[in-house]
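To start, the structure itself, in structure tokens.
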Amino acid sequence: MTALLTTQGLQAFYGDAQALFGIDFELAVGELVAVIGANGAGKSTFLKCLAGLVRAPREAVRFKGEAIGGLPAGEIVRRGLALVPEGRRLFPSLSVEENLLMGATTRRSGPWNLARLYALFPILQEKRRQPATSLSGGQQQMVALGRALMSNPELLLCDELSLGLAPIVVREIYAAMPTITGEGMTVVIVEQDVTMAQRVSQRIYCLQEGRVSLQGRSDALTRGQIAQAYFGV
């Protein structure tokens with residue numbers, strides 16, 4: 001399979017504090033890969049490096065063969081990467097539909113538009129005129145996911161989709177993944193629910209203290225291997 005995105009020796013810092021210590025990562029076209037790890041392992045920082053929100057060395061991140069580390073976030077979105085951020089980060093002054101349309105400002109061509117999103121998440125059409133932040137947590141997560149899809153990315157980065165949501169809502173959101181990936185979209189999910197991560201992904205990377213502690217096919221890794229890599233015990 002063709003590599004869509006790679007990182008090599010990726011390091012990241014917050015001021016003088018180092019958060020990532022040489023992350024090597026490879027993602028093939030059409031894959032859904034999960035990144036797992038405990039709080040503070042570096043999962044969100046890793047996604048932010050890919051999305052241009054945390055500075056990375058130019059050559060450490062390559063997308064479709066081109067070095068994109070450290071490029072402005074807007075430029076990275078225009079190249080075809082979109083982030084669903086932890087905590088959703090919706091625009092509180094905008095309606096549901098206005099939030100969704102913000103994702104389309106890149107004017108990238110592709111299958112995702114309002115009609116397609118409303119077919120995937122009908123509740124958003126019903127509530128399209130309401131302030132986005134007045135919705136339930138699960139519905140807000142649908143808006144954040146939809147906003148990213150509206151940019152018609154080639155690579156979708158999802159940071160903690162299930163965080164703070166009821167299990168039934170989490171299942172509903174993950175039930176949409178086969179539709180999202182059905183046309184070949186590549187996806188990286190950061191997820192603390194290991195069972196869900198194994199269920200929906202083809203491969204898993206586990207991070208511990210800013211380093212890759214385990215990687216492999218999701219269906220081949222045992223709970224014991226994951227626990228040791230996750231907790232370091």
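The values are calculated or read from the model by the stated rules, or taken from the named source; none is laboratory data. Only a predicted model underlies this, so the values are computations on that prediction, with no experimental measurement involved. Neighbour counts are summed over all protein chains in view; Cβ atoms, including those assigned to glycine, are modelled from backbone coordinates with ideal geometry. Side chains included, ligands, DNA and RNA excluded: accessible areas come from the protein's heavy atoms. Shrake-Rupley method; radii C 1.70, N 1.55, O 1.52, S 1.80 Å.
Here the dipole of the stretch 3-79 is about 220 debye; that uses its Cα centre as origin and unit charges on the Cβ of Lys and Arg (positive) and Asp and Glu (negative). Using the Cβ-Cβ distance between ALA227 and PHE91 with R0 set to 41 Å, the FRET efficiency works out to roughly 0.55.
Within straight-line reach of LYS64, meaning a Cα separation under 20 Å, sit the following aspartates and glutamates at least 8 residues removed in sequence or on another chain: ASP24, GLU26, GLU31, GLU75, GLU154, GLU183.
What fraction of the DSSP beta bridges in the chain is antiparallel, stated in percent and rounded to the nearest 5? Before the final figure, lay out the partial values.
Details: 21 of 38 bridges.
Once the DSSP bridges in the chain are tallied, antiparallel ones form about 55 percent.
A Förster radius of 45 Å combined with the Cβ-Cβ distance from PHE21 to ALA119 puts the calculated FRET efficiency at roughly 0.55. In the context of the full protein assembly, TYR14 retains an accessible surface of approximately 110 Å², using a probe radius of 1.4 Å and ignoring ligands and nucleic acids.
Summarising the label geometry, the points placed 7 Å from Cα in the beta-carbon direction at PHE13 and GLN130 lie 4.6 nm from one another.
Taking the Cα centre of the stretch 82-233 as origin and charging only Cβ (+1 Lys, Arg; -1 Asp, Glu), how large is the dipole, in debye to the nearest 20? Write down the numbers at each step before the final one.
Working: 15 positive and 13 negative charges, 38 e Å.
For the stretch 82-233, the charge dipole is close to 180 debye.
Legend: helices of the chain (whole DSSP H runs) are marked when their alpha-carbon atoms reach 27 angstrom or more along the helix axis and their mean Kyte-Doolittle hydropathy is at least 1.0; nothing is marked. At full extension, ARG78 and SER109 could sit 10.1 nm farther apart than now, given 0.36 nm per residue minus the alpha carbon distance.
For the stretch 52-166, treating each Cα as an identical point scatterer without solvent, what Debye log10 I(q)/I(0) comes out at q = 0.20 1/Å? With one equal scatterer per Cα and no solvent, log10 I(q)/I(0) is -1.05. For ALA67 and ALA28, the difference between the fully extended length at 0.36 nm per residue and the C-alpha to C-alpha distance is 12.4 nm. Across PRO111, PRO72, PRO167, mean-square fluctuation computed from a Gaussian network of the chain (C-alpha pairs under 10 Å connected) peaks at PRO167.
Quick one: divide the alpha-carbon radius of gyration of the chain by 2.2 N^0.38 Å and tell me what you get. Intermediate values should be presented prior to the final figure.
Values: Rg = 17.0 Å, N = 233, 2.2 N^0.38 = 17.5 Å.
My calculation over the Cα atoms of the chain gives 0.98.
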